[in-house]
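S.K.: Just passing along the structure, written as structure tokens.
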Amino acid sequence: MMFTFHHPVEIRFGEGVISQINEIIEAQGYTRVVIVSANSQIENGVIEFIKTQLGESVREIVSDIEANPTLENVEAIVRAIDAHNVHAVVAVGGGSAMDAAKAAAAAYMQGIEVRNLLDHGDFTRALPIIAVPSTSGSASEVTASSIISDKQQGLKVPLIGPALYPKTAIVDPELTLTCPKSVTAISGIDILCHALDCLGSVKNNPISDALAIRASKLAFENLLTAYQEPSNREARTNLSLASMTAGMAFSQTGTSGSHAMSYYLTSHYDVPHGEACAFSMDAWYAVNAKANPALHQHARDIGFDDAEALSEAFNKLKGQMGLAVAFEDLGISRDDIPEIAEESLRPANMKNNIAQLSRDEIIEMLERK
């Protein structure tokens, strides 16, 4: 056995830890910053609190980031960075705000034309990012990836490189207390997709497995509670921990089948990312367990009898939160299954999946949904 594990993000975790942001910024010597924010964090007062903490070092706030961040969003952040010659970018929100900020920080530092960003494969330098997640799901605060959409071309592309790791992650579960139930469900189910995709990756290793199993157990035990009781602090804290832990796991292994299939569901049918991944995750875990029986033991470690039982519990959880279980729930015609199967084979992370299925095998898998 041979593997490497490298994770360079400083993590500050806990209720109220957002109050340390000024100390973090000052310690790094950042006197000019741009904030990239989800609109929700402006509306609920989090950005005003951060502005009060950081004072004159805040030079501009860029908001209106789309749910699937676009090249236009990245361009707006690059313009703000350039206009103020800033030292760092503070990204506050869900995966959208963090992904857009990370892509912009690299594009600016490396002189990449934003229109060429999705064709660029070398992300080795970027401005420092201070990532402050307001949802539990994306884990962008601890990963070296950023998913950006080109709306004109109908593309959704993962950018990956060491410079896309944030400098610091400030993970404060209190910021998730204001999440609407739908956001809790869609982002929360993504925790499980990250963890289970990690277990189903050809790049898995003992450390990533341990992190993914822990994240899965926390998510299975706390997601429905957080969905049904939005102000339950224990559940929110455990979900924040699960999201971050899953992110540390898949930062090492990459994602696999469910994520590869999700991009087309999102770019062509507007299915939200977490729900798009979750749509096929149950099937991929069962398929991967047939290729690698270790996934049955992982399922037992998470709390289930075997991979099939985990898959069934995953689907039940989706149903309890109103997420799509069948094509009819998404309003997608079953006539589109062959095209979805074909498009699912294109992303690079499909090659990362333990079970390498043919187009016909993927069609067969989807026809059972």
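S.K.: I need a count of the residues in the stretch 176-210 that are surrounded by fewer than 17 Cβ atoms within 10 Å (Cβ to Cβ) and within 18 Å of residue 279 (Cβ to Cβ).
M.R.: 1
S.K.: For the stretch 301-314, how many residues are surrounded by 18 or more Cβ atoms within 10 Å (Cβ to Cβ), assigned to a helix (DSSP H, G or I) and not small (Gly, Ala, Ser)?
M.R.: Within the stretch 301-314, residues that are surrounded by 18 or more Cβ atoms within 10 Å (Cβ to Cβ), assigned to a helix (DSSP H, G or I) and not small (Gly, Ala, Ser) number 3.
S.K.: Could you tell me how many of the residues in the stretch 110-124 are touching a residue at least 40 places away in the same chain (Cβ under 8 Å) and either surrounded by 17 or more Cβ atoms within 10 Å (Cβ to Cβ) or part of a strand (DSSP E or B) (or both)?
M.R.: 4
S.K.: Another question about this same structure. When residue 167 is evaluated against the numbered criteria (1) at positive phi; (2) open to solvent by 20 Å² or more (accessible area, probe 1.4 Å), which criterion, by number, is the only one it fails?
M.R.: (1)
S.K.: Are there any pairs with C-beta distances below 9 angstrom linking a residue in the stretch 261-287 that is free of Cβ contacts under 8 Å to residues at least 60 places away in the same chain and assigned to a helix (DSSP H, G or I) to a residue that is hydrophobic (A, V, I, L, M, F, W, C) and open to solvent by 30 Å² or more (accessible area, probe 1.4 Å), with the two at least 6 apart or on different chains, and if so which?
M.R.: The qualifying pairs are 276/330; 282/325.
S.K.: May I pose another question? Within the stretch 274-296, does at least one residue satisfy the condition of being over 18 Å from residue 259 (Cβ atoms), open to solvent by less than 10 Å² (accessible area, probe 1.4 Å), under 23 Å from the mean Cα position of the chain (by Cα) and not polar (S, T, N, Q)?
M.R.: No, the stretch 274-296 has no match at all.
S.K.: A further question on this structure: Return the total of residues in the stretch 313-335 being of a type in the set (Asp, Glu) and within 18 Å of residue 277 (Cβ to Cβ). Steps first, answer last, please.
M.R.: Within the stretch 313-335, the first condition is being of a type in the set (Asp, Glu), and the residues that meet it are 328-329, 335.
So of that shortlist, the ones also within 18 Å of residue 277 (Cβ to Cβ) come out as 329.
Final tally of qualifying residues: 1.
S.K.: Answer yes if at least one residue in the stretch 316-338 is assigned to a helix (DSSP H, G or I), among the hydrophobic types (A, V, I, L, M, F, W, C) and within 21 Å of residue 215 (Cβ to Cβ), and no otherwise. Write out each step before concluding.
M.R.: Taking the stretch 316-338 and keeping what is assigned to a helix (DSSP H, G or I), we get 316-320, 327-330, 334-338.
Now narrow it down to the ones that are among the hydrophobic types (A, V, I, L, M, F, W, C): 317, 327, 330, 337.
Filter again for within 21 Å of residue 215 (Cβ to Cβ), leaving 317.
Looking for residues that are assigned to a helix (DSSP H, G or I), among the hydrophobic types (A, V, I, L, M, F, W, C) and within 21 Å of residue 215 (Cβ to Cβ), one finds at least one in the stretch 316-338, hence yes.
S.K.: Still on this model: Any residue at all in the stretch 95-105 that is acidic (Asp, Glu), open to solvent by 10 Å² or more (accessible area, probe 1.4 Å) and either under 17 Å from the mean Cα position of the chain (by Cα) or at pLDDT below 95 (or both)?
M.R.: Initially, the stretch 95-105 is screened for residues acidic (Asp, Glu), giving 99.
Of the ones still in play, those that are also open to solvent by 10 Å² or more (accessible area, probe 1.4 Å) are 99.
Retained after the next criterion (residues that are either under 17 Å from the mean Cα position of the chain (by Cα) or at pLDDT below 95 (or both)): 99.
Within the stretch 95-105, one or more residues are acidic (Asp, Glu), open to solvent by 10 Å² or more (accessible area, probe 1.4 Å) and either under 17 Å from the mean Cα position of the chain (by Cα) or at pLDDT below 95 (or both).
S.K.: Considering the stretch 133-177 alone, what residues qualify as being closer than 19 Å to residue 5 by Cβ and among the polar types (S, T, N, Q)?
M.R.: Result: 143, 145.
S.K.: Next up: If I ask for residues that are assigned to a helix (DSSP H, G or I) and either closer than 30 Å to residue 25 by Cα or polar (S, T, N, Q) (or both), which ones from the stretch 170-189 would you list? Walk me through how you get there before you give the answer.
M.R.: Of all residues in the stretch 170-189, those assigned to a helix (DSSP H, G or I) come to 173-176, 181-189.
173, 174, 175, 176, 182, 183, 184, 187, 188 - these are the residues of the stretch 170-189 that are assigned to a helix (DSSP H, G or I) and either closer than 30 Å to residue 25 by Cα or polar (S, T, N, Q) (or both).
S.K.: Is it the case that some residue within the stretch 13-28 is under 18 Å from the mean Cα position of the chain (by Cα) and closer than 27 Å to residue 272 by Cβ?
M.R.: Going residue by residue through the stretch 13-28, those that are under 18 Å from the mean Cα position of the chain (by Cα) are 13.
Going one step further and asking which of them are closer than 27 Å to residue 272 by Cβ, we end up with 13.
The answer is yes; a qualifying residue exists.
S.K.: Please enumerate the residues belonging to the stretch 125-157 that are open to solvent by 50 Å² or more (accessible area, probe 1.4 Å), at pLDDT below 95 and not hydrophobic (A, V, I, L, M, F, W, C).
M.R.: Initially, the stretch 125-157 is screened for residues open to solvent by 50 Å² or more (accessible area, probe 1.4 Å), giving 125, 151-153, 155.
Filter once more, so that each one left must be at pLDDT below 95: 151-153, 155.
151, 152, 153 - these are the residues of the stretch 125-157 that are open to solvent by 50 Å² or more (accessible area, probe 1.4 Å), at pLDDT below 95 and not hydrophobic (A, V, I, L, M, F, W, C).
S.K.: Against the definition (of a type outside the set (A, V, I, L, M, F, W, C), part of a helix (DSSP H, G or I) and either closer than 21 Å to residue 339 by Cβ or touching a residue at least 12 places away in the same chain (Cβ under 8 Å) (or both)), how does residue 296 come out, yes or no? Give the derivation first.
M.R.: Values: of a type outside the set (A, V, I, L, M, F, W, C): yes; part of a helix (DSSP H, G or I): yes; either closer than 21 Å to residue 339 by Cβ or touching a residue at least 12 places away in the same chain (Cβ under 8 Å) (or both): no.
Judged against the criteria, residue 296 is not a match.
S.K.: Next question. Can you name every residue in the stretch 211-244 that is over 18 Å from residue 320 (Cβ atoms), free of Cβ contacts under 8 Å to residues at least 40 places away in the same chain and either open to solvent by 10 Å² or more (accessible area, probe 1.4 Å) or assigned to a loop (DSSP other than H, G, I, E, B) (or both)?
M.R.: Matches in the stretch 211-244: 211, 214, 234.
The values are calculated or read from the model by the stated rules, or taken from the named source; none is laboratory data. Remember, predicted model here, so these are calculated numbers, not experimental data. Because the Cβ atoms are built from the backbone with ideal geometry, glycine has one as well, and the counts that use them run over all protein chains shown. Ligands, DNA and RNA are stripped out before the accessible areas are found, and what is left, the full protein with its side chains, is counted by its heavy atoms. Shrake-Rupley method; radii C 1.70, N 1.55, O 1.52, S 1.80 Å.
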